[in-house]
Amino acid sequence: MRPLPFAAALALTAALVACKDKPDAPAEAEPDAPAQPSPETAEPAAAPEPAKAKPGRAPATEEERAAVIATEGAARKLGGILKDRVKEAMTAGAPKSAASTCAELAQKLTGEVREVTGVAVGRASTRLRNPKNAPPPWVDRWLREHESAPASAAEPERWIVDDPDGAVARVILPIGVEPLCLQCHGPKDSLDSGVREVLDSRYPSDAATGYAVGDLRGALWAERAVAADVAAGPVDGLSPQGAG
Ligand code: HEC
């Protein structure tokens with residue numbers, strides 16, 4: 001394995017991914033604010049809505065918004081780097097060697113992004129290839145709610161969760177299946193025999209085949225304490241609006 005031009009990869013992939021997603025609608029009014037219906041607008045007859053369990057609330061302070069942006073930046077870095085490396089490997093050699101490269105690099109790169117950003121970050125799915133990519137419970141819930149719909153129906157999520165130990169920023173970015181992905185995640189009998197060989201030997205319980213273009217393959221997730229002592233603020237051209 002050659003040494004990774006990590007900083008260069010970060011900069012490049014950030015540039016590639018930063019402009020891919022449309023900016024989202026601005027944050028809605030803080031949903032968990034104490035309900036204070038004004039006398040003019042309150043519907044006197046309507047009973048108050050029962051509190052629905054929500055996975056989180058919108059960021060309410062500058063510190064929370066900055067934490068969400070930094071958290072999302074880490075998820076995008078990981079996604080961009082992994083995709084770039086797969087594309088590079090697919091161009092450089094046979095699908096079989098690309099599959100080996102991917103298998104060798106994915107965990108290592110995930111660890112490096114965690115280290116560089118100070119954000120817990122990962123790539124998860126309900127149909128795992130590597131059991132090490134198992135989602136944390138909050139990501140698992142989101143994946144199960146969305147897995148049967150096309151990837152295009154899933155939106156990025158950005159939440160603040162009020163933990164007893166302090167507020168936590170959480171981000172989920174849906175990952176859709178593109179034509180390129182089918183070479184290693186398409187129907188098993190359509191895979192190149194070399195790829196199948198690599199998958200069979202490295203991932204005996206692989207559940208990540210049989211996908212079609214447009215399926216939701218999984219999600220990038222990231223999580224960080226709002227008050228964490230790590231670099232916060234806009235990274236890689238992500239605009240504060242992106243934190244909505
Ligand atoms: C060259 C083969 C190859 C291609 C092409 C490929 N992948 Fe993968 N994919 C892998 C391997 C190998 C792993 C397991 C990596 C690991 O050990 O963490 C993996 C894991 C994943 C995971 C993590 C969840 C899990 O099942 O372990 C996601 C999500 C994923 N791939 C999405 C994609 C998407 C989206 C594309 C297309 C943009 C793609 N992959 C293209 C080989 C490939």
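The values are calculated or read from the model by the stated rules, or taken from the named source; none is laboratory data. These figures come from a predicted structure and were not determined experimentally. Ideal geometry is used to build each Cβ from the backbone, glycine not excepted, and the neighbour counts take in all protein chains shown.
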**OP:** Could you please find all residues in the stretch 111-142 being farther than 20 Å from residue 157 by Cα and within 12 Å of the ligand (Cβ to nearest atom)?
**Re:** 111, 127, 128, 129, 130, 131, 132
Subject >> From the options 171, 177, 161, residue that is under 23 Å from residue 142 (Cα atoms), within 10 Å of the ligand (Cβ to nearest atom) and not charged (D, E, K, R) >> reply: 177
Original post:
Just to be sure, is residue 189 more than 10 Å from the ligand (Cβ to nearest atom) and at pLDDT below 95?
Top reply: no
Original post:
Do we have residue 150 as without any contact (Cβ under 8 Å) to a residue 24 or more places away in the chain and under 15 Å from residue 219 (Cα atoms) here?
Top reply: no
Original post:
Just to be sure, is residue 85 within 10 Å of the ligand (Cβ to nearest atom), more than 23 Å from residue 205 (Cα to Cα), buried (at least 19 other Cβ atoms within 10 Å of the Cβ) and under 18 Å from the mean Cα position of the chain (by Cα)?
Top reply: yes
